[in-house]
Amino acid sequence: MLTDHAKLMQFFSEAEEVTGRKKLQKMIYILQKCNFPFEEKYQFHFYGPYSEELSLRVEELCNLGFLTEQKEEKKNFFQYRYDITGDGLDFLHQFQMDMPDMTEQIALLKAKSSRFLELVSTVLYFDGLSRDEIIEKVHTVKPKQNYTDMELDEAFQFISTISPVQ
Amino acid sequence: MPYKDEQLHEEKVFKDPVHRYVHVNDRVIWDLIATPEFQRLRRIKQLGTTYLTFHGAEHSRFNHSLGVYEIVRRIIANFEDSPRWDPNVRLLCLCAALLHDLGHGPFSHSFEKVFKLDHEHFTQQIILGDTQIHRILEQVAPGFSQKVADVIDKTYEDKLVVSLISSQIDADRMDYLQRDAYFTGVSYGHFDMERILRVMRPLEDQVVIKSSGMHAVEDYIMSRYQMYWQVYFHPVTRSAEVILSKILHRAKYLYEQDYIFKLKPTHFISFFNESVSLRDYLKLDEAVVSYYFQLWQEEDDAILRDLCERFVNRRLFKYIEFNPNQQMNVWKELYQLFQTAGINPDYYLEVDSSSDLPYDFYRPGEEEERLPIHLLKPDGDLVELSRNSDIVESISGKKRTDHKLYFPADLLRQLPADHPAKERIAEILHL
């Protein structure tokens, strides 16, 4: 029961706070690609892999009082920040989960911008292709982002650094 | 004349209860509809188990796919005069619209969850693999099948083409809302599609709505909201989905325990082994699944037998509201009480959450979270819908989640009156 919710709570307890829904979407996708057992289903959208299931599950966790969502108005948009609550920690402690430790990966992901994580998750989305094909595909699906060769190199380097769960 | 330009000698029409007529002139579209892979969609219901709640909801993915094709055909007819529209992508759009749901399997949602499948993956395989669909698309032009697959995967270079098939106001949603409303018989789900089609404008990378058409879009957003609560997330349908999932889990478990089924479940074996080939996938439609459920009512395993009998004869689980924040201890207690009562809680007790059946709400969202609906102002500026519409802003902020606890009330009532667990179970579940 609610195991998928508990896995997300484990993520939030290790991340402590996450700023930005886009960043959250990409973090969970990248962790999934690193074999962490998150079950949310992703599809490719305008800004890369996106999971409606994740959006709704996070909304549920907020409505249950397990997470708080702070809405901050930026220049042309809103940004959301998520923090785990005491009730959330109590909920999490009731689960005996066999979830691998993801502290190191979360720290690496948190340190990066959402633009960079969008690039990394897009590269991972096309991971069945060769490096040259992936680069071509990234430029095709994200022409407006104008990702530079340096950013692409950094993305591939980041992917090789972030260790998948065995 | 090249195959891609070939027209039928005379226009073919399908009578359709939602769009009145679906018009086909292109030979390619006509040939695609005639393939076994597309005809299979007749045997996959659009709304899965919803027919157990709304008896009219027996319509299929075939109906819906034709409907999406027809809407895209009409949108393109409106766009043809726009300088921003490239007439060379017409056939690509029509093929992608027609084939977008090709990979849906029987009772997709539960099957995908239990057997870890992804219908989008099979859509890609059918379009790119050794199928009649693939051969027809390649006859249009070498590499055309890949373009169709990319549009459906939303990774095609021309975002305008993608947004016709998949965006927050696309042909897919406009068809299923109206079609599902029609077949379920509910009075929600209706909106002025003709008006929306008239105010749609193609931009470089997305379809936008002329701001004068905002009220028609508000109606569309409202109908999405109402259809979610009244139809898609109906608690009785969710009960049927819970039982369906439990049947699949039980059958898989029994197979893994070397249980001898009375009839070898040949069609399911690759699903149980989680190594489903395209050929296996295409063979399993809802008619086949129903056949096995009929047979499994005669099985020796009491749990499989009972669950199938419930599903086939609509003897569903009852439910109560459940708050995981306040009732976790209740869950643990119930789990133990069920065990004491000899009722396996792994198959007869379930919490179902709204995120178990995710529905695509309209979310204005955060910058670059996902593309919202944009209104095109007279001065050429774009503004996100909820910034101009109080109605949409109000709906966007509403609480849209809930959790329900499902259980077999009939089985629990049959427990002997003096059973030590009965009174407490009845107290918790309000029996």
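The values are calculated or read from the model by the stated rules, or taken from the named source; none is laboratory data. Just so it is clear, the structure is predicted and the values come from calculations on it, not from any experiment. Cβ coordinates were reconstructed from backbone atoms using ideal geometry, including for glycine residues, and neighbour counts include every protein chain displayed. In case anyone asks, the SASA skips ligands and DNA or RNA and just uses the protein heavy atoms, side chains included. Shrake-Rupley method; radii C 1.70, N 1.55, O 1.52, S 1.80 Å.
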**Request:** Considering only segment A:33-51, state which residues are facing chain B (nearest Cβ under 8 Å), among the aromatic types (Phe, Trp, Tyr) and touching a residue at least 12 places away in the same chain (Cβ under 8 Å).
**Result:** A:Phe44, A:Tyr47, A:Tyr50
**Any pair with Cβ under 8 angstrom, 6 or more apart, that starts in segment B:307-319 at a residue that is crowded, with 18+ Cβ neighbours inside 10 Å and ends at one that is modelled with pLDDT of 95 or more and part of a loop (DSSP other than H, G, I, E, B)** = B:Cys308/B:Gln297; B:Cys308/B:Glu299; B:Arg310/B:Leu316; B:Arg310/B:Phe317; B:Arg310/B:Pro408; B:Phe317/B:Pro408; B:Lys318/B:Pro408
**Request:** Provide a single number: the residues in segment B:328-345 that are touching a residue at least 60 places away in the same chain (Cβ under 8 Å) and open to solvent by 50 Å² or more (accessible area, probe 1.4 Å).
**Result:** 2
**Item:** Options A:Asp87, A:Asp132, A:Asp98: the member that is surrounded by 11 or more Cβ atoms within 10 Å (Cβ to Cβ) and either more than 14 Å from chain B (Cβ to nearest Cβ) or in a helix (DSSP H, G or I) (or both)
**Value:** A:Asp87
**Message:** Is it the case, given these coordinates, that B:Arg224 is at pLDDT below 95, among the basic types (Lys, Arg) and in contact with a helix residue (DSSP H, G or I) (Cβ under 9 Å, 6 or more places away or on another chain)?
**Reply:** yes
**Fill in**
Note on segment B:175-190: residues hydrophobic (A, V, I, L, M, F, W, C) and surrounded by 21 or more Cβ atoms within 10 Å (Cβ to Cβ) are B:Leu177, B:Ala181, B:Phe183
**Fill in**
The number of residues in segment A:60-70 that are within 9 Å of chain B (Cβ to nearest Cβ), open to solvent by 30 Å² or more (accessible area, probe 1.4 Å) and among the charged types (D, E, K, R) is 0
**Whichever residue in segment B:244-263 is in contact (Cβ under 8 Å) with a residue 24 or more places away in the chain and either of a type in the set (Lys, Arg) or at positive phi (or both) and, among such residues, is surrounded by the fewest Cβ atoms within 10 Å (Cβ to Cβ)** = B:Lys262
**Residue count, segment B:93-111 (criterion: open to solvent by less than 10 Å² (accessible area, probe 1.4 Å) and part of a helix (DSSP H, G or I))** = 9
**Asked** So, of the residues in segment B:259-284 that are touching a helix residue (DSSP H, G or I) at 6+ places or on another chain (Cβ under 8 Å) and among the aromatic types (Phe, Trp, Tyr), which turns out to be farthest from B:Ile303 (Cα to Cα)?
**Response** B:Tyr281
**Message:** With the condition being open to solvent by 50 Å² or more (accessible area, probe 1.4 Å), I'd like the helices (runs of 4 or more DSSP H) fully within segment B:387-431 carrying at least 2 qualifying residues.
**Reply:** B:390-396, B:422-429
**Item:** In segment B:197-206, residue farthest from B:Ala77 (Cα to Cα) [restricted to those that are open to solvent by less than 20 Å² (accessible area, probe 1.4 Å) and in contact (Cβ under 8 Å) with a residue 40 or more places away in the chain]
**Value:** B:Gln206
**Item:** Only one of B:Ala34, B:Ala77 that is without any contact (Cβ under 8 Å) to a residue 60 or more places away in the chain, open to solvent by 50 Å² or more (accessible area, probe 1.4 Å), aliphatic (A, V, I, L, M) and under 28 Å from B:Lys283 (Cβ atoms)
**Value:** B:Ala34
**Message:** Criterion first (among the aliphatic types (A, V, I, L, M), surrounded by 13 or more Cβ atoms within 10 Å (Cβ to Cβ), more than 14 Å from every other protein chain (Cβ to nearest Cβ) and farther than 19 Å from A:Ile28 by Cα) does A:Leu108 satisfy it?
**Reply:** no
**Message:** Let me confirm something: among A:Ser113, A:Ser51, which residue is of a type in the set (S, T, N, Q), open to solvent by 20 Å² or more (accessible area, probe 1.4 Å) and modelled with pLDDT of 90 or more?
**Reply:** A:Ser113
**Request:** Go over the candidates B:Val151, B:Val161, B:Val68, B:Val114 one by one and state the one that is out of contact with any Pro (no Cβ under 8 Å at 6 or more places or on another chain), open to solvent by less than 20 Å² (accessible area, probe 1.4 Å), within 14 Å of another protein chain (Cβ to nearest Cβ) and under 21 Å from B:Arg195 (Cα atoms).
**Result:** B:Val161
**Item:** Enumeration of residues in segment B:287-302 that are open to solvent by less than 10 Å² (accessible area, probe 1.4 Å) and either among the aromatic types (Phe, Trp, Tyr) or under 22 Å from B:Arg61 (Cβ atoms) (or both)
**Value:** B:Val289, B:Tyr292, B:Phe293, B:Trp296
**Residue check for A:Ser121: crowded, with 21+ Cβ neighbours inside 10 Å and closer than 25 Å to B:Val383 by Cβ** = no
**Request:** For segment A:6-24, name all the residues that are open to solvent by less than 10 Å² (accessible area, probe 1.4 Å), in contact (Cβ under 8 Å) with a residue 60 or more places away in the chain and more than 7 Å from chain B (Cβ to nearest Cβ).
**Result:** A:Ala6, A:Met9, A:Phe11, A:Phe12, A:Ala15, A:Val18
**Message:** Return the residues of segment B:313-345 that are assigned to a helix (DSSP H, G or I) and within 10 Å of chain A (Cβ to nearest Cβ); say none if nothing qualifies.
**Reply:** B:Met328, B:Asn329, B:Trp331, B:Lys332, B:Tyr335, B:Pro345
